[in-house]
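*Asks:* What follows is a structure written as structure tokens; I'll ask about it next.
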Amino acid sequence: ARAGDAERLLALLRGGADASAPYTDASSGSSPLHEALLAGSDAVAEILLEHGACATTRDYRMNTPVHACAASMAAAGTASMGSLEQLRQVSLAELLLESGGADVIGEPNINGMTPLHLAAMRGKSWLIDLLATHGAPLLALD
């Protein structure tokens with residue numbers, strides 16, 4: 001997932017791999033979905049979600065995949081809503097929220113930051129709007 005190899009991932013999933021299994025070689029507790037989102041691997045993240053990846057799992061820093069989506073540099077600070085990368089990111093963020101991510105939208109990580117805080121730090125106004133539409137607490141303190 002981290003490498004963005006969608007074909008290999010599909011082969012593994014078809015062979016019975018668990019889309020939500022944590023990385024065994026990392027002490028971070030990250031899931032493949034966390035890693036794909038952080039790497040900006042939209043296609044891989046979408047495949048994982050379509051194969052049942054858990055959108056609410058947390059890593060050891062208490063980050064959810066929604067935090068990873070917000071923290072990713074993918075489509076960060078893009079002002080033009082029409083950019084292809086941004087449209088893909090919006091679609092992926094919507095899928096993530098519809099797949100259960102909305103249930104943890106206001107949950108802080110170990111540093112007290114919600115996905116909304118991270119989206120603001122990255123200049124993702126499009127994600128701020130999307131998170132607010134899905135009920136993110138706008139007055140949460142970090």
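All of the numbers you see were taken from the coordinates with simple rules; none came from a lab. Source: prediction; values computed, not measured. Ideal geometry is used to build each Cβ from the backbone, glycine not excepted, and the neighbour counts take in all protein chains shown.
*Asks:* Skipping prolines and chain starts, which residues have an amide H placed within reach, meaning under 5 Å, of the one on Gly29, given they are 5 or more residues away or on another chain?
*Replies:* Placed amide hydrogens put Tyr60 under 5 Å from Gly29.
*Asks:* With +1 assigned to the C-beta of every Lys and Arg and -1 to the C-beta of every Asp and Glu, and no other charges, what is the dipole magnitude of region 6-133 about the Cα centre in debye, to the nearest 20?
*Replies:* With only Lys, Arg, Asp and Glu charged at Cβ, the dipole is about 240 debye.
*Asks:* Still on this structure, please answer the following. For region 5-56, what is the convex hull (Cα atoms) projected area averaged across all directions, in square nanometres?
*Replies:* In nm², the orientation-averaged hull projection of region 5-56 is 3.4.
*Asks:* Can you compute log10 of I(q)/I(0) for the chain with the Debye formula, treating each Cα as one identical point scatterer, at q = 0.21 Å⁻¹?
*Replies:* -1.29
*Asks:* May I pose another question? For the chain, what does the helix formula give at 222 nm: sum of -39500 (n - 2.57) over DSSP H segments with n ≥ 4, over the residue count, nearest 500 deg cm²/dmol?
*Replies:* That comes out to -13000 deg cm²/dmol.
*Asks:* Still on this structure, I have one more. Using Cα pairs under 8 angstrom and six or more residues apart, how large is the relative contact order of the chain, in percent?
*Replies:* 21 percent.
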